[in-house]
Amino acid sequence: MFDFSKLGDMAKIAGQAKQMQDKQDRVQREQIEALKKISSQLNEVIDILKKK
């Protein structure tokens, strides 16, 4: 049977898990943006080197 007395604790844990997931998603987006910038800069360097 389901223990309804633990429902509050389960809701709290679910809320914390959601917060953790949101934070991980935000960090992942930031990392992707940083990698995009690095990639763009590397492409610029490659273009400059090809011109020489």
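Computed from the coordinates by the stated procedures, all read-outs in this text should not be read as laboratory data. Computed from a predicted structure; not experimentally measured. We place every Cβ from the backbone using ideal geometry, glycine too, and count neighbours over all the protein chains shown.
Have a look at 35, 14, 46 and report the one farthest towards the positive end of the charge dipole of the chain, computed about the Cα centre with Cβ charges (Lys/Arg +1, Asp/Glu -1).
46
Expressed in nm to one decimal, what extension gain is obtained for the pair residue 50 and residue 34 from 0.36 nm per residue of sequence separation less their Cα-Cα distance?
Values: separation 16, 0.36 × 16 = 5.76 nm, distance 2.44 nm.
Length gained, residue 50 through residue 34: 3.3 nm.
Under a straight-distance cross-link criterion of Cα-Cα below 24 Å, which lysines are reachable from residue 18, leaving out those fewer than 8 residues away in the same chain?
6
Give me the angle, in degrees from 0 to 90, between the Cα long axis of helix 7-51 and the longest principal axis of the Cα atoms of the chain, rounded to the nearest 10.
Around 0 degrees separate the two axes.
Rounded to two decimals, what is the ratio between the C-alpha radius of gyration of the chain and 2.2 N^0.38 Å?
Details: Rg = 22.5 Å, N = 52, 2.2 N^0.38 = 9.9 Å.
Dividing the Cα Rg of the chain by 2.2 N^0.38 Å gives 2.27.
Let me check I've understood the local charge: for residue 36, count other residues with C-beta under 14 angstrom from its C-beta, Lys and Arg +1, Asp and Glu -1. What total comes out? Walk me through the numbers on the way to the answer.
Values: positive: 29, 37; negative: 30, 33, 44.
Once all neighbours under 14 Å are counted, the net charge is -1.
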